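One structure is given below, encoded as structure tokens.
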Amino acid sequence: MKIAVVTGASSGIGREFALSLSEKFSLDCIWLLGRNESRLNEAASQLNCAAEIISLDLADEKSLTVIDERLK
């Protein structure tokens, strides 16, 4: 399975990177990470592939545990 993980995907460069990935590569899913869930959902609606919304703050150590568990 081909999955891309994009941090800061709710706006700016992260969002544009996710959109570009979905257009240029044949991915099964893009994990969109960011703090603003509604903006992540909005970005997901514009992708050419499936998306998994992961709303969290990577500055919080607990968030790293969430990502670690999902990667396993």
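The values are calculated or read from the model by the stated rules, or taken from the named source; none is laboratory data. Remember, it's a predicted structure, so these values are computed and weren't measured experimentally. Please note: Cβ atoms are built from the backbone with ideal geometry, for glycine as well, and neighbour counts cover all protein chains shown. The accessibility values were calculated without ligands, DNA or RNA, using every heavy atom of the protein model including side chains. Shrake-Rupley method; radii C 1.70, N 1.55, O 1.52, S 1.80 Å.
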Practice task
Output the qualifying pairs, or none if there are none: Cβ atoms under 6 angstrom, residues six or more apart or on different chains, first residue in the range 32-57 and within 12 Å of R15 (Cα to Cα) and in contact (Cβ under 8 Å) with a residue 40 or more places away in the chain, second residue acidic (D, E) and open to solvent by 50 Å² or more (accessible area, probe 1.4 Å).
Solution key: none
Exercise for the section: Would you confirm whether any residue within the range 10-21 is part of a strand (DSSP E or B), surrounded by 13 or more Cβ atoms within 10 Å (Cβ to Cβ) and more than 9 Å from the chain's Cα centre (by Cα)? Expected result: no
Problem - Test for I13: is it touching an Asp or Glu at 6+ places or on another chain (Cβ under 7 Å), at pLDDT 95 or above and β-branched (V, I, T) - result: no
Practice task
Among what's in the range 22-72 and is assigned to a strand (DSSP E or B) and either more than 18 Å from M1 (Cα to Cα) or in contact with a His (Cβ under 8 Å, 6 or more places away or on another chain) (or both), pick the residue that is most open to solvent (accessible area, probe 1.4 Å).
Solution key: S55
